[in-house]
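**Student:** Below are the structure tokens for one structure; questions will follow.
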Amino acid sequence: MRKVAPSKRASSVEYAIRDVVIPARELEKKGIKVIKLNIGDPVKFDFDAPEHAKEAYCTAIREGHNYYSDSEGIEDLRKAIVERERKKNNVDITSNDVFVTAAVTEALQITIGALTNPGDQILVPGPSYPPYISFTKFLLAEPVEYRTVEDEGWIPDLDDMRKKITDKTRAIVVINPNNPTGALYDEKILREILDIAGEHEIPVISDEIYDMITYEKKHISPGSLTKDVPVIVFNGMSKVYFATGWRLGYMYFVDPENTLENLRDAIGRLLRVRLCPSTPAQFAALEALRGPMDYLNEYLKKLRRRRDLMYRRLSEIENISVQKPEGAFYIFPRVKIENGPWKDDKEFVLDFLRSKHVLVVHGSGFGRYGINHFRAVYLPQEEIIEEAMNRLEEFMKERTR
């Protein structure tokens, strides 16, 4: 029997953040310890979900909450999400505006699937979190990257955004705080993006999974600013609540003029087809949302120290330049590839991995505006960051002129 061929759309899917793990595993099979700065999973380091939420997860299982929930999520959790978003963002929503999802990844996949037909376009920031590009392509639509300006802290180039809107554009995606750059957008930028979306009568999709992991400034949601432009917000438990493995998220609609009614119906249909998210995880999320968050202050202090350390060390290395991130836990330095022996940033990353046993992610994996960069996380303890930066400094001295 001949080999079964996968679809062309599946064969083209890439996810740089996990794809680079494969060569790292080959080193680990040989007994080599690799410093992993590739995946933004705080629970792999010295961070963890709050105890009251973990206990609620165990209790939910013991008490028999092991059944299918409603497809849109359990009502009490949706009400808790409303309370959380009203308190933090002052958005006027009800539980009917909320859908619980299997993390933000499912929310974006289902939303793009409900929003686009083949050939339609979604505007995404460049650089961008890879699933926005990969899932859009998989669904036979086109991701169009709008430029963000590196020298200005990776803030969106609004003129470029305007130029790239066509009659096929179905939405503008905002990732704020941004993955991979750590950029944090202020109110002025967000209002201008809403104005552009309003001019073209398209919604804004706002990914806010890092909304409370900020340092010098606070996060602002476009959902709190809009007057007539529909905003679809994605959020979840993975980052602020340090529960990546629960795979639980949510989305909600801020829709002042009820222009998303048909889209909301389509999304609801897709969610019913996939049945429901994890029921025990929903009970844990309910407790996380309604319980104390005093753990977050201490975690933010640790992250700020580690960010400052990695930023300082990177700034001191010749042939590397870097912007200071204001949110999330990523940093996105530029490498002078032309001063070294590499043909591109992926070759740089693999060379660094194989020679110094430190794993980062090639910037081109985040789109065309990521070329000649790499993404690193500053989640590890400070001594690990110091060691990784020592190895990078040594590597750059050896490889560049």
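**Student:** As an exercise: evaluate R307 against (1) farther than 27 Å from E216 by Cα; (2) basic (K, R); (3) assigned to a helix (DSSP H, G or I) and give the number of the one condition it does not meet.
**Tutor:** For R307, the exception is condition (1).
**Student:** Just to be sure, is D228 under 20 Å from I110 (Cβ atoms) and charged (D, E, K, R)?
**Tutor:** No; evaluated as a whole, the condition is false for this residue.
**Student:** Within segment 96-103, is even one residue surrounded by fewer than 19 Cβ atoms within 10 Å (Cβ to Cβ), of a type outside the set (V, I, T) and more than 18 Å from the chain's Cα centre (by Cα)?
**Tutor:** Taking every residue of segment 96-103 in turn, at least one turns out to be surrounded by fewer than 19 Cβ atoms within 10 Å (Cβ to Cβ), of a type outside the set (V, I, T) and more than 18 Å from the chain's Cα centre (by Cα).
**Student:** If we keep just the residues of segment 325-340 that are out of contact with any strand residue (DSSP E or B) (no Cβ under 8 Å at 6 or more places or on another chain) and of a type outside the set (D, E), which is surrounded by the fewest Cβ atoms within 10 Å (Cβ to Cβ)?
**Tutor:** N339
**Student:** Also: Which one of these is of a type in the set (F, W, Y), surrounded by fewer than 21 Cβ atoms within 10 Å (Cβ to Cβ) and either in a helix (DSSP H, G or I) or modelled with pLDDT of 95 or more (or both): Y210, Y299, Y241? Explain how you work it out, then say what you get.
**Tutor:** Working: Y210 fails: surrounded by fewer than 21 Cβ atoms within 10 Å (Cβ to Cβ); Y241 fails: surrounded by fewer than 21 Cβ atoms within 10 Å (Cβ to Cβ).
The conditions single out Y299.
**Student:** Among the listed residues K301, K227, K218, which satisfies the condition of being without any contact (Cβ under 8 Å) to a residue 40 or more places away in the chain and outside the structural domain of Q121 (by TED's automatic domain parsing)?
**Tutor:** Checking each option against the conditions leaves just K301.
**Student:** Quick one: which residue in I371, I331 is within 19 Å of the chain's Cα centre (by Cα), without any contact (Cβ under 8 Å) to a residue 40 or more places away in the chain and assigned by TED's automatic domain parsing to the domain that holds G40?
**Tutor:** Just one listed residue meets the conditions, I371.
**Student:** Check segment 321-330 and report whether any residue there is out of contact with any Pro (no Cβ under 8 Å at 6 or more places or on another chain), assigned to a strand (DSSP E or B) and not β-branched (V, I, T).
**Tutor:** No: segment 321-330 contains no residue that is out of contact with any Pro (no Cβ under 8 Å at 6 or more places or on another chain), assigned to a strand (DSSP E or B) and not β-branched (V, I, T).
**Student:** Specify which of the listed residues (I337, I317) is of a type in the set (A, V, I, L, M, F, W, C), more than 29 Å from P143 (Cβ to Cβ), assigned by TED's automatic domain parsing to the domain that holds L392 and touching a helix residue (DSSP H, G or I) at 6+ places or on another chain (Cβ under 8 Å).
**Tutor:** Being of a type in the set (A, V, I, L, M, F, W, C), more than 29 Å from P143 (Cβ to Cβ), assigned by TED's automatic domain parsing to the domain that holds L392 and touching a helix residue (DSSP H, G or I) at 6+ places or on another chain (Cβ under 8 Å) holds for just one of I337, I317, which is I317.
**Student:** Another question, if that's okay. Please name all residue pairs, on different chains or six or more residues apart, with Cβ atoms under 7 Å, provided the first residue is in segment 19-41 and is farther than 11 Å from V361 by Cα and the second residue is modelled with pLDDT under 95 and in a strand (DSSP E or B).
**Tutor:** Going by the 7 Å Cβ cut-off, there are no qualifying pairs.
**Student:** Which of the residues spanning segment 33-50 are exposed (fewer than 12 other Cβ atoms within 10 Å of the Cβ) and more than 22 Å from the chain's Cα centre (by Cα)? Steps first, please.
**Tutor:** Residues of segment 33-50 exposed (fewer than 12 other Cβ atoms within 10 Å of the Cβ): 33, 46.
Once the filter is applied, which keeps residues that are exposed (fewer than 12 other Cβ atoms within 10 Å of the Cβ) and more than 22 Å from the chain's Cα centre (by Cα), segment 33-50 yields only K33.
**Student:** I would also like to ask the following. Of all residues being in a loop (DSSP other than H, G, I, E, B) and of a type outside the set (F, W, Y) in segment 353-378, which is nearest to P143 (Cα to Cα)? Just the residue, please.
**Tutor:** Step one: of segment 353-378, the residues in a loop (DSSP other than H, G, I, E, B) are 357, 360, 367, 371-372, 378.
Right, trim to of a type outside the set (F, W, Y) and you get 357, 360, 367, 371-372.
On the way: H357: 33, V360: 24, G367: 10, I371: 17, N372: 20 Å.
Among residues in segment 353-378 that are in a loop (DSSP other than H, G, I, E, B) and of a type outside the set (F, W, Y), the one nearest to P143 (Cα to Cα) is G367.
**Student:** Give me a count of the residues in segment 244-288 that are part of a loop (DSSP other than H, G, I, E, B) and not small (G, A, S).
**Tutor:** Total satisfying the criteria: 12.
**Student:** Would you confirm whether or not segment 386-401 contains a residue that is of a type in the set (V, I, T), at pLDDT 95 or above and either outside the structural domain of P23 (by TED's automatic domain parsing) or under 25 Å from D151 (Cβ atoms) (or both)?
**Tutor:** No, segment 386-401 contains no residue that is of a type in the set (V, I, T), at pLDDT 95 or above and either outside the structural domain of P23 (by TED's automatic domain parsing) or under 25 Å from D151 (Cβ atoms) (or both).
**Student:** Which of the helices (runs of 4 or more DSSP H) found entirely inside segment 1-96 contain at least 2 residues meeting this: modelled with pLDDT of 95 or more and aliphatic (A, V, I, L, M)? It would help to see each step written out before you state the result.
**Tutor:** Working: elements: 8-11, 16-19, 21-29, 51-62, 75-89.
Passing ranges, in order: 51-62, 75-89.
**Student:** Another one. State which residue pairs qualify: first residue within 15 Å of T169 (Cβ to Cβ) and inside segment 123-141, second residue aliphatic (A, V, I, L, M) and part of a strand (DSSP E or B) in any location, beta carbons under 6 Å apart, and separation of 6 or more residues or different chains.
**Tutor:** Final answer for the pair search is L123/V144; L123/I172; V124/V173; P125/I175; Y132/V124; Y132/V173; T136/I122.
**Student:** Looking for whichever is among the aliphatic types (A, V, I, L, M) and more than 23 Å from I220 (Cβ to Cβ) here; the options are L184, L190, L139, L194. Which one fits?
**Tutor:** On inspection, the qualifying residue turns out to be L139.
The values are calculated or read from the model by the stated rules, or taken from the named source; none is laboratory data. As the structure is a prediction and not an experimental result, all values here were calculated from the model. Because the Cβ atoms are built from the backbone with ideal geometry, glycine has one as well, and the counts that use them run over all protein chains shown.
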